[in-house]
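The values are calculated or read from the model by the stated rules, or taken from the named source; none is laboratory data. Since the structure is predicted, the reported quantities are computational estimates derived from the model, not experimental observations. When we count neighbours, we look across all protein chains shown, and the Cβ atoms used for this are built from the backbone with ideal geometry, even at glycine.
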Amino acid sequence: MLSRVAERIYWMARYVERAENTARIINVNTNLLLDLPKKVTLGWQPLIDITGIKKLYNEHYPEVNERNVVKFLIADTRNFGSLINSLNAARENGRTIRDVIPREGWEKVNDLYLYTKNQLPQALSRRNRYDFLGHIINSTQGITGLLAGTMTHNFGYDFLRIGRNLERADMTSRIIDVRSANLLPEESEDLPPYETIQWMSVLQSLSAYQNYRQQVQTRVQRGEVLKYLLQDIYFPRAFNHCIREVQGSLKNLPRHMGPIRQLNLIIRSVETTQFDNMSKKALHRYIDNLQLQLAKLHKAISTTYFSIQDEKPTKAKKKKSKVTKKSGGKAKPSASAVSHSAGSAN
Amino acid sequence: MAIKWKNYTTDGFYDELILASGRPRKSASAICKYIAALKDDELQNRKDASELAIRTMGITFTVYSEEEGGTIDRAWPFDIIPRIITNTEWDLIENGLKQRVQALNMFINDLYNKQQILKDNIVPRQLIDDSTNFRPQCMGIKPPYGVWAHICGSDLVRDQDGTVYVLEDNLRVPSGVSYMLENRAIMKRIFSELFEDYSIRPVDEYPSKLYDCLAAISPRKVNKPEIVVLTPGIYNSAYFEHSYLAQQMGAELVEGPDLRVGDDDCVYMRTVEGLSKVDVIYRRVDDLFLDPEAFNPDSILGVKGLMRAWKKGNVALANAPGAGVADDKVIYTYVPKIIKYYLDEDPILPNVPSYLCINKTERDYVLNNLDKLVVKPANESGGYGMLIGPKASAKEREQFANLIRRNPRNYMAQPLLALSTAPTLVDHSAEPRHLDLRPFILSSNETYVTTGGLTRVALRKGSTVVNSSQGGGSKDTWIVED
């Protein structure tokens, strides 16, 4: 499989997943605000922090309020991580690999982009937002399911799963980080019932509430939720599960030593760390580091499979010369190769 | 109200299916009878089925549209009434094409090596010196079997008296063969009954013949050489075809940045398994964009060092760079002489009589008769930049006269042929529409001609412009028993 094709499949999957996650966090925040008393002013700042776009946001908007934040996250093309931009990037990556993925897969991605573009004006009002975001989540889940059921499960499919699960792991860790550090700064004694509600919202944004109740069976509390979302190996949006999915896919691929080594470091760290009584500060530091490790994993995958510019051909005899170094320099990306990582946006 | 052939008028043109008397030709009688027996709604069903098939099979070509913000895929119009040619006539055409392409390849090979034909003054050296498609970078290269144009698409037209002429040869990156294959697939779906009555020669072996043709020029003599199709990318108008042929051959569809030339001057593609050696490149990128090192330095479609690798014989390119020198429309007028020179045979297929503007007497004739002639620039394709004298305004003719005077080498003129027609479905009746035929000829260790080819039809009444970019459509082409 061509590196370019693999890379575009990977990014298409990441962007589709990113769109879904963006829809999820907006939806849950909207709901959460309805439950909280007026004097708890959590507001919308956390969503800006989760997506790592604080600086960019402040450049364009004078204040943090529902209208502005939702607009920035859904419709603003200046925000490279906005829903509309993610879907556009998914579509542009998908367009170039239309002959590799099943036709319906491309059509669904295309449809979703067009739907989103057409619905943008309505989506900004609180009344229509729930349906709009629900449609996004359903459609991206539909794309995942359709590809699972129709795409040949060869290398290409492995890259699809790697992209999706890396993005998912990334978002889960961001949500935990922001929700515990920023959104719940004062686990204040005078508002105990709301602590539970807030952790419930964390679970809900990951569709994890029901699963958590079944599996953990205790009341919703910080330590258990952290353990569940970071270490559980069964729940599909739990960090550990996502990383293990990446591991499974990588093992199908040739030359996976580099990425696997990096990945094993992450798994060992997540599985052996005690989260129960970790202080807010320590947790924040830990997740910061986890994100760094994820970025390293992406880099390892990218250099192994996508940009093998300067590697010596297996059968070539001579060593690298100046000439080939130059000729191996990356060509201008074509207009459609849309790939950047939000992981480095912190 | 079904189609009634006796109401069909051929208007003095040669019609491929219907005689002037309104009776179908013998070879077409079964299909004409079949179609006449269809009621309007049945005919419409067939038409709808063909359009559905085109959509579901994803048969498209890409056009650039300012309004819609970039390129869009369009389904290519398809007419369900096939064009029919008899075996006997086809055998003659096939031999004529083989002869022609063989001579053209010998000519190109000679131009880049000894240039004997120029020394013998058969073709004026000046024409080659002035040619925009002659590539000095290719001098001294001897590709396998002396073949430069591995894939050739020659356009044939039939005149009023039934004579088939070669209108032009496309030796660079001819396209359209995928539509030929898909047209047949559509016809099998919607007219399967007819295929039982007729013995129609199949066209499906083209992709495997193409594979064999390309495999034969692989520098490495291995069982399964690595063949790739090099495309400019998804915004190219023929991207559908590039992707289709790659799939059909089981070859990798690559873009320039997927390939690199190593220190060993071999070509490699970047795969998830590492760099993998490439033997044959079926390139659908124009010469000048192939290699920024040898040609256009700004090209990002090409592969740096590709010419070096090719010159060293480490990779095969089809078609070879520089092959376009022989599809220049001025060189075209010399093809009968070229055939005679290299093969010592008379051309089996005639050229359309042509006037070269570079020769003064012919130029004067052209300038005095612009209202009767079609004037073509030497190096354009797709029907662009030409003047159809009888249909042009006085002002357009005057503009062209100036162009010719300024650069006579760049123009040639031909009488406006009365192109043959074939019945084409318009609403619920059949009307004559002009058409041409593009067969494809493969050359390497052996020569292969497609059975039939792509029939292109001008869907606008009276129009003779068949190009897909300018309102053309296509038909299936049947080679049948006499």
Within the range B:340-360, considering residues that are exposed (fewer than 14 other Cβ atoms within 10 Å of the Cβ) and in contact (Cβ under 8 Å) with a residue 12 or more places away in the chain, the one farthest from B:T163 (Cα to Cα): B:E345
Residues located in the range A:81-112, provided they are crowded, with 16+ Cβ neighbours inside 10 Å, more than 14 Å from every other protein chain (Cβ to nearest Cβ) and of a type outside the set (S, T, N, Q): A:G81, A:L83, A:I84, A:L87, A:A89, A:A90, A:K108, A:V109, A:L112
Considering residues of the range B:438-459 that are touching a helix residue (DSSP H, G or I) at 6+ places or on another chain (Cβ under 7 Å) and part of a strand (DSSP E or B) only, the residue surrounded by the most Cβ atoms within 10 Å (Cβ to Cβ): B:L454
Condition broken by A:L47, with the remaining ones in (1) of a type outside the set (S, T, Y); (2) surrounded by fewer than 17 Cβ atoms within 10 Å (Cβ to Cβ); (3) at pLDDT below 95 satisfied: (2)
Residue under evaluation A:S249, criteria (1) modelled with pLDDT of 85 or more; (2) more than 14 Å from chain B (Cβ to nearest Cβ); (3) buried (at least 17 other Cβ atoms within 10 Å of the Cβ), criterion not met: (2)
Selection count where residues are under 18 Å from the mean Cα position of the chain (by Cα) and under 23 Å from A:D288 (Cβ atoms), scope the range A:61-87: 4
Single residue of the range B:285-295 satisfying the filter (out of contact with any Pro (no Cβ under 7 Å at 6 or more places or on another chain) and among the charged types (D, E, K, R)) that is nearest to the other protein chains (Cβ to nearest Cβ): B:E293
Residue in the range B:297-316 that is away from chain A (no Cβ under 14 Å) and buried (at least 21 other Cβ atoms within 10 Å of the Cβ) present: yes
Breaking point among (1) in contact (Cβ under 8 Å) with a residue 40 or more places away in the chain; (2) more than 30 Å from B:C32 (Cβ to Cβ), for B:F400: (1)
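Does A:R127 qualify as being over 28 Å from B:N236 (Cβ atoms), at pLDDT 85 or above and either among the polar types (S, T, N, Q) or in contact with an Asp or Glu (Cβ under 9 Å, 6 or more places away or on another chain) (or both)?
no
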Residue that is of a type in the set (S, T, Y) and surrounded by fewer than 20 Cβ atoms within 10 Å (Cβ to Cβ), where the choices are A:Y115, A:Y57: A:Y115
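Could you check the range B:263-284 and list, in sequence order, the residues that are more than 8 Å from every other protein chain (Cβ to nearest Cβ) and out of contact with any Asp or Glu (no Cβ under 9 Å at 6 or more places or on another chain)?
B:D265, B:I281, B:Y282, B:R283
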Hits in the range B:33-42 - residues which are farther than 9 Å from B:I3 by Cα and touching a strand residue (DSSP E or B) at 6+ places or on another chain (Cβ under 7 Å): none
Hits in the range A:1-27 - residues which are away from chain B (no Cβ under 14 Å) and surrounded by fewer than 23 Cβ atoms within 10 Å (Cβ to Cβ): A:R24, A:N27
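Output the residues belonging to the range B:220-235 that are more than 7 Å from chain A (Cβ to nearest Cβ) and buried (at least 19 other Cβ atoms within 10 Å of the Cβ).
At the first step, the residues of the range B:220-235 found to be more than 7 Å from chain A (Cβ to nearest Cβ) are B:220-232, B:235.
Scanning the range B:220-235 gives B:P225, B:E226, B:I227, B:V228, B:V229, B:L230, B:T231, B:P232.
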Residue within the range A:47-60 that is more than 19 Å from the chain's Cα centre (by Cα) and assigned to a loop (DSSP other than H, G, I, E, B) present: no
